[in-house]
2 protein chains.
Amino acid sequence: MGNYVFGVDVGGTSVKMGLFNMEGMAVDKWEIPTRTENGGENILPDIAESIHEKIAEKQYSKEEIAGIGIAVPGPVNGAGVVNKAVNLGWDVTPVKEIMEKLSGLPTEVGNDANVAALGEMWKGGGKGYTSLVMVTLGTGIGGGVIVDGRLVTGVDGAGGEIGHMHIMDGEEEPCNCGCRGCLEQYGSATGIVRLAGKVLAESDEPSILREKEVTAKAVFDAVREGDKAAQETAERFGEILGKGLAMIASVLNPAVFVIGGGVSKAGEILFDYIRPPFEKYVFSGSRDAKFVLATLGNDAGIYGAAKLVLDAVQ
Amino acid sequence: MGNYVFGVDVGGTSVKMGLFNMEGMAVDKWEIPTRTENGGENILPDIAESIHEKIAEKQYSKEEIAGIGIAVPGPVNGAGVVNKAVNLGWDVTPVKEIMEKLSGLPTEVGNDANVAALGEMWKGGGKGYTSLVMVTLGTGIGGGVIVDGRLVTGVDGAGGEIGHMHIMDGEEEPCNCGCRGCLEQYGSATGIVRLAGKVLAESDEPSILREKEVTAKAVFDAVREGDKAAQETAERFGEILGKGLAMIASVLNPAVFVIGGGVSKAGEILFDYIRPPFEKYVFSGSRDAKFVLATLGNDAGIYGAAKLVLDAVQ
């Protein structure tokens, strides 16, 4: 079993690392750079080395370490193999196998958005729930689905890709994924900026948003000041995102949606725009789903990664 | 443990019953009428009596019976309580508790559409898969979601209500659920008839469908004969259903969709219309989902109900 567990969240620029006790209290947190050159061949050795250094620094014995959990930005199958992670330079990579060899410790691997959901369920906004959907509204939209306390990773590791649900017919601009009309094109930080641009182009009305750089934060700040164009933008955003989450709720009947990512910094005002369309479109039996804000921020990944190990060993 | 298990599927007209060995071979199958009068107060006692008679007839001892699985047409919570079943006359009913008292046997309860999915996974079209979505295209659309071999019942027992996903903006006619634009309004047997009516009303072109009663079966028979209006109907049906299943696949990344219900009698020709829009709308990582036909027909419920018990005791 052991007394400690490592949680690792591999991003395109830096690797976040955490050392936790078995109750999930963070003993230490640090970062190392992500060396993506040469197909990212140094990333896993760098992580293993950092872990060995930390174990030495803390004067732990290896037997005290239950294992290593790793969150990666790509689809992960049941054997801990990542099927490409473009941001890391990786082709198909058997992360579990490599890290177990490098570290001599049991290793569990998950997709970063899925793992963040696990972290928020364990120690964040979703604490106390075992059936939840995490929605990360950042540059894109990430998602993680948890049913009865377990991650829905999907048969090919593509579970929780709610940003790429088709939500809008007739869209002319393509999504990053190549499709047209994905939820991500309207509900992400980038999507909100795009929606605001359309609203501003449709009229000549004065708006705070014409005087500054338009960001998701600027839009919701302006909403609070009563700006009409910002409110119209927020309504279009809420209508589309609320409808998408209603579809998910009709299929899964989760207890709670945990909303995270940069856009969630706008706060609970988001729910004023998401909740009414959600209730309009959702099946009545799933209408009681709650909406809460994520609370772990950028630490959700390391917490969730640690939990991956605890779920595997307990 | 025991050597046998009962699987019971309670419908509005009759109760289907099956006696299975622990490997899921049917030892006996029979039906009794569903007495819905007086708030359906006789339904569970009738089932218990029929089970006792069957045990006596077979000269089994009670110790040989592992338990009773019951599928009911309504939402079921984790404690085996049904939150209203209109077709049976039931208000909130603690089915598990009542049946365990009446029978003296461990009882498991599930929603009928969910339980059918379990049956098809165990012994039907979904055999060999542990991650599947069952879609029952009947008068309405029923659904059941299975992840890692376990049913996703939802926190309020409303999991798998894919017939009431919102799929179409601007619909004027209401769905049975009160919303407008549910998947069921286009993808069910009733929905296909409605779509055919619209296609026929839009032109004066001759069509086989103008000469007979329009049913889902008649539409797909006419498709096979090259009838233009029938083909246009099938295309609209496939576009909407394929899009809805693509949304589900983007969230869950299942291995397979099992298509059952009356409409599925049309056969694999359905997939010619569902698959292309599915592939157009689905996230690339979930595109490999298979489509298969259900094979158990009306027996899916009794098989799935029996499996509920086996999953609980094993």
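The values are calculated or read from the model by the stated rules, or taken from the named source; none is laboratory data. In this text the structure is predicted, and so the values were computed from the model without any measurement. We place every Cβ from the backbone using ideal geometry, glycine too, and count neighbours over all the protein chains shown. The accessibility values were calculated without ligands, DNA or RNA, using every heavy atom of the protein model including side chains. Shrake-Rupley method; radii C 1.70, N 1.55, O 1.52, S 1.80 Å.
Please work out the C-alpha center-to-center distance from the range B:90-166 to the range A:14-50 and express it in whole Å.
Each part reduced to its Cα centre gives a spacing of 42 Å.
Tell me which trypsin sites (Lys or Arg not before Pro) from the range A:182-274 have a DSSP coil assignment and no more than 14 other beta carbons within 10 Å of their own.
A:212
Counting alpha carbon pairs within less than 8 Å and at least 6 residues apart, what relative contact order, in whole percent, applies to the range B:1-109?
The normalised contact order for the range B:1-109 reaches 27 percent.
For peptide A:251-258, what's the mean number of Cβ atoms from other chains within 10 Å of each residue's Cβ?
6
At a Förster distance of 35 Å, what's the computed FRET efficiency of residue B:224 paired with residue A:168, Cβ-Cβ distance as r, to 0.05?
0.55
Please report the net charge: other residues with Cβ closer than 15 Å to the Cβ of residue B:304, K and R +1, D and E -1.
0
So, for the range A:143-203, what is the accessible surface per residue at a probe of 1.4 Å, expressed in square angstrom?
I get 37 Å² per residue for this part.
Any chance you could give the angle, 0 to 90 degrees and rounded to 10, that helix B:189-201 forms with the longest Cα principal axis of chain B?
For B:189-201 against chain B, the angle is about 10 degrees.
Apply 1/(1 + (r/R0)^6) to the Cβ-Cβ distance of residue B:1 and residue A:265, taking R0 = 51 Å, and write down the FRET efficiency to the nearest 0.05.
Computed FRET efficiency for residue B:1 and residue A:265: 0.40.
What is the ratio of the Cα radius of gyration of the range A:120-247 to 2.2 N^0.38 Å, with N the residue count, to two decimals?
1.18
What net charge do the residues around residue B:7 carry, taking every other residue with its C-beta under 13 Å from that of residue B:7, with Lys and Arg at +1 and Asp and Glu at -1?
Neighbour charge sum, excluding residue B:7 itself: -2.
For residue B:101, which aspartates and glutamates qualify as cross-link partners when the Cα separation must be under 13 Å and same-chain residues fewer than eight apart are set aside?
Residue B:101 reaches B:49.
Once both axes come from the Cα atoms, what is the angle between helix B:269-281 and the longest principal axis of chain B, in degrees from 0 to 90, rounded to 10?
Around 80 degrees separate the two axes.
Rounded to the nearest 500, what is chain A's calculated 222 nm mean residue ellipticity when only DSSP H runs of at least 4 contribute -39500 (n - 2.57) each, over all residues?
Here the helix-only value at 222 nm equals -11500 deg cm²/dmol.
What are the distances, in nm and sorted shortest first, from the label point of residue A:53 to the label points of the same position in each other copy, with each label point placed 7 Å from Cα along the Cα-to-Cβ direction?
7.8
When each copy gets a label point 7 Å from Cα toward the beta-carbon at residue B:228, what are the spacings between them in nm, shortest first?
When each copy's label point is compared with this one, the spacings are 4.9 nm.
Once you sort the root eigenvalues of the Cα gyration tensor of chain A as a ≥ b ≥ c, which label holds: rounded (a/c under 1.5), prolate (a/b larger than b/c) or oblate (the other case)?
Prolate, since a/c reaches 1.5 and a/b exceeds b/c.
Indicate the gyration tensor shape class of the range B:2-154 (rounded, prolate or oblate), computed on the Cα atoms with a ≥ b ≥ c the square roots of the eigenvalues: a/c under 1.5 is rounded; otherwise a/b larger than b/c is prolate and the rest oblate.
Cα axes put the range B:2-154 in the oblate bin.
Where in the range B:216-270 are there GluC sites (Glu not before Pro) that are in a DSSP coil and have at most 16 other Cβ atoms within 10 angstrom of their Cβ?
B:225, B:268
Sequence neighbours fewer than 8 away in the same chain don't count; with that in mind, list the lysines whose C-alpha is under 28 Å from residue B:127.
B:16, B:29, B:96, B:217, B:243, B:265, B:280, B:290, B:307
What percent do you get for the relative contact order of chain A when only Cα pairs under 8 Å and 6+ apart count?
21 percent
Shortest first and in nm with one decimal, please list how far the residue B:148 label point sits from its counterparts in the other copies (point 7 Å along Cα→Cβ).
0.9
Between residue B:87 and residue A:198, what is the label-to-label distance in nm when each label sits 7 Å out along the Cα-to-Cβ direction?
For residue B:87 paired with residue A:198, the spin-label model returns 4.1 nm.
With each label point set 7 Å from Cα along the Cα-Cβ vector, what nm distance links residue A:58 and residue A:31?
Roughly 2.1 nm, to one decimal.
At a probe of 1.4 Å, how much accessible area disappears from chains B and A on forming the pair, both sides counted, to the nearest 100 Å²?
3000 Å²
Which of the peptides B:174-183, A:77-86, A:294-303 is most tightly packed, and how do the rest follow, going by the mean number of other Cβ atoms within 10 Å of each residue?
Going by the mean number of other Cβ atoms within 10 Å, highest first, we get A:294-303, B:174-183, A:77-86.
Based on the Kirkwood radius over alpha-carbon pairs, what is the Stokes-Einstein translational diffusion coefficient of the protein assembly as shown at 37 °C with 0.692 mPa s viscosity, in µm²/s?
For the chosen part, D equals 126 µm²/s.
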